[in-house]
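Undergrad: Pasting in a structure now, in structure tokens, and then I'll have a few things to ask.
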Amino acid sequence: MTDHLEIFYRLLIAMLIGCVIGIDRNLRGKPTGMKTLGLVALGSALATMASMNFALTPDGYSHDAVSRAIQGVITGIGFLGAGVIIHEQATEKVRGLTTAASIWVTAAVGIVCGVGWWRVALMATALILILFTVGRKIENSLHRRWLHKSDGERADISSREED
């Protein structure tokens with residue numbers, strides 16, 4: 001595959017990116033945090049790298065084997081994400097969707113780290129953090145403007161609906 005230092009960097013960067021995404025979720029009081037998403041990204045990178053190593057052929061990597069491993073990671077992460085989604089029948093509200101999506105995208109970033117696409121992983125991480133930061137402000141503004149709800153009402157609704 002590659003030398004041990006390269007393997008270490010792929011795993012380390014995947015884990016650190018997962019931790020950064022997890023810090024945002026943790027600071028917002030969501031059920032996933034730094035350790036959880038760090039593990040998700042690290043595990044995704046490990047599974048991807050393992051499939052690349054097992055799929056090594058004289059001509060290079062077997063793209064079918066790597067593709068199957070990535071599909072397995074994404075499927076498994078889907079089950080993990082589904083575990084944080086809650087539907088409250090009494091209020092007809094759904095919570096945990098953003099947290100589930102953050103688990104899924106963290107796994108994808110881990111996969112990208114596993115194949116060694118550093119720039120793509122860093123660009124994705126920047127976009128994720130921008131979306132978490134700016135997205136909340138935009139949502140609050142839209143709710144104030146079109147639904148005539150204050151930030152306090154929006155925060156209450158947001159905590160019940162989304163996460």
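What follows draws every value from the coordinates through simple rules; no lab data is involved. Just so it is clear, the structure is predicted and the values come from calculations on it, not from any experiment. Here the Cβ is made from the backbone with ideal geometry for all residues, glycine too, and neighbour counts use every protein chain on show.
Undergrad: Students often check this: by mean Cβ neighbours within 10 Å, which of 16-29, 94-107, 122-135 ranks highest, and how do the rest follow?
TA: The most tightly packed comes first, giving 94-107, 16-29, 122-135.
Undergrad: Peptides 7-13, 42-48: what's the order by average Cβ count within 10 Å, highest mean first?
TA: Per-residue Cβ counts within 10 Å, averaged per peptide and sorted highest first, yield 42-48, 7-13.
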